[in-house]
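Remarks on the structure that follows.
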Amino acid sequence: MGKVARQVVEEAGLNVDELIDKLVAAAGAEFTTFYYYTILRVNSIGHEGEGMKEIIEDARIEDRNHFEALVPRIYELGGKLPDDIRTFADRAGCPDAYLPDTLGGVTAERRGSGQTAFGAYPAAQDTAIQDLLTILVEAERCAVRTYTDICNYTFGKDHRTYELSLAILNEEIEHESWFSEFLNEGPSGHFRRGAPGESPHVRRFMTADIGKS
Amino acid sequence: MEQSTGGGYLNVLASGDLEPGQMREISAGTHRIVVGRLYDGTVVAFAPSCPHEAAPLVQGTIRGGSIDCSRHHYMFDVRTGENTFPLPIYPAWKRAQVSDLRLPIFPVIERDGWIAVEPEPYQGRVDDDQENTELKDSEQTSSSRRD
């Protein structure tokens, strides 16, 4: 914990416990999204799906990076991650990005159901990729709303959290654009990342990774 | 301030006290109600707690015609009460688990410099939603809206 780091934020008029709640919720959303994007990525198959796989991977790894970047700030402010990962997942600030019905969402294994459906997934239909992209773009839009909220909350009062949240917001907005463009919602203004999960905006906050190639 | 205007409506806020994008939580009758103004100027009224986990919606954000709950970013259409996120993108098995995600909506009108609400929510049926829209269009009261 950074004693003065917390004090200066409190003295700026922020409710630090509320801010910690927001950061833990955001970190939970990043962590669960990383998990669900793993499932979405492995189900991104076929002519269209294989083309999307790399971009899903970029978003997936960058969301994990966001989790990594958020955690130090939570502890600096005197907060902590929940001891139980189930509690952490339930506090996630965005809903789970489930596999859509058209990719096995109906017959797939259910939490607590004790049933599996290996070999029983329905054949992918024409709408499957569209549904997959809709899940992805809506998940990113939730993230955009999340970090806009944190930026608004911390602006002018907690410079470090603000700058971190703004960096994450920049990447989430890019993620939204990627999937939105796949859905033909508008022309593309972006170029691909140089490497998967490059995190051009958030990388400088991942100080534990400094020195890695 | 709470003042009857007839037809079951109670004046709860002066029109000038609610800017676009703003919300206020007020008391009307026995209900707590959030009154908000959309960016197109429309006034809306809805229950103060998120149907998901009861977070205070007055701490959320108005986005278009929806309220964005600040806790989990569930979104509800503030004219119909329907969940607009995440229910439409959930798979069928998950939708079945959370099918009761509907935000109670209250009749509201704006006239003579006042915002007035009826302190009983619509019942959340489709025909009520239709009447809600019609009410906003005509700013007329009706004694037969609720069963």
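The values are calculated or read from the model by the stated rules, or taken from the named source; none is laboratory data. Since the structure is predicted, the reported quantities are computational estimates derived from the model, not experimental observations. Neighbour counts run over all protein chains shown; Cβ positions are idealised from the backbone, glycine included. Just so you know, the surface numbers come from the protein's heavy atoms only, side chains and all, with ligands and any DNA or RNA stripped out. Shrake-Rupley method; radii C 1.70, N 1.55, O 1.52, S 1.80 Å.
Per residue, the accessible area of chain A comes to 51 Å² when a 1.4 Å probe rolls over the protein heavy atoms.
Net charge dipole, segment B:3-132: roughly 400 debye, given to the nearest 20, about the Cα centre with Cβ charges of +1 for Lys and Arg and -1 for Asp and Glu.
Each eigenvalue of the Cα gyration tensor of segment B:3-132, multiplied by 5 and square-rooted, gives one semi-axis; in descending order these are 26, 15, 12 Å. Computed over the alpha-carbon pairs of chain A, the distance histogram in 5 Å steps reads 1, 7, 14, 18, 17, 15, 11, 8, 5, 2, 1, 0 percent, short to long.
Can you work out the FRET efficiency for the pair A:Asp96 and B:Asp40, with r the C-beta to C-beta distance and R0 = 35 Å, to the nearest 0.05?
Taking R0 as 35 Å, the efficiency between A:Asp96 and B:Asp40 is 0.60.
Phi-derived couplings, Karplus 6.51 cos²θ - 1.76 cosθ + 1.60 at θ = phi - 60°, listed residue by residue for segment B:63-70: 10, x, x, 10, 9, 9, 5, 6 Hz, with x used for Gly and Pro.
Efficiency by 1/(1 + (r/R0)^6): what FRET value for A:Met1 and B:Gln22, r their Cβ-Cβ distance, R0 = 30 Å, to the nearest 0.05?
According to the calculation, E is roughly 0.25.
The Cβ shell under 15 Å around A:Glu57 holds other residues with a net charge of -3, Lys and Arg each +1, Asp and Glu each -1.
Leaving out ligands, DNA and RNA, and with a 1.4 Å probe, what % of the accessible surface on segment B:3-132 is carbon or sulfur? Provide the component values of the computation, followed by the final result.
On the way: 2500 of 5250 Å².
After summing per-atom areas, the C and S share lands at 48 percent.
On the beta carbon distance between A:Lys53 and B:Asp112, with R0 = 51 Å, the FRET formula returns roughly 0.25.
From the protein chains alone at 1.4 Å, what is the descending order of accessible area for A:Tyr98, A:Tyr153, largest first? Please list the in-between numbers first.
Numbers: A:Tyr98 20, A:Tyr153 55 Å².
My answer, sorted largest first, is A:Tyr153, A:Tyr98.
For the chain pair A and B, the buried solvent-accessible surface (1.4 Å probe, both sides summed) amounts to about 1600 Å².
Fully extended, how many nm does the chain gain between A:Glu10 and A:Thr207 (0.36 nm per residue separation, minus their Cα-Cα distance)?
Working: separation 197, 0.36 × 197 = 70.92 nm, distance 2.49 nm.
So the extension gain works out to 68.4 nm.
Electrostatic tally near A:Glu198: other residues with Cβ closer than 10 Å to its Cβ, Lys and Arg +1, Asp and Glu -1, net 0.
Rolling a 1.4 angstrom probe over the protein heavy atoms, how many square angstrom per residue are accessible across segment B:3-132? Present the calculation step by step, with values, prior to reporting the outcome.
Numbers: 5250 Å² over 130 residues.
Value for segment B:3-132: 40 Å² per residue.
Placing pseudo-labels 7 Å out from each Cα toward the beta carbon at A:Arg86 and A:Glu163 gives an inter-label distance of 4.0 nm. Do the sum for chain A: with -39,500 (n - 2.57) for every DSSP H run of n ≥ 4, divided by all residues, what is the mean residue ellipticity at 222 nm, to the nearest 500 deg cm²/dmol? That calculation yields -20000 deg cm²/dmol at 222 nm. Heavy-atom accessible surface of B:Ser49, to the nearest 10 Å², is about 50 Å², with a 1.4 Å probe and all protein chains retained. Okay, which of segment A:130-166 sit inside 20 Å, backbone N to the point 7 Å along the Cα-Cβ direction of A:Tyr75? Residues passing the 20 Å test: A:160-162, A:164-165.
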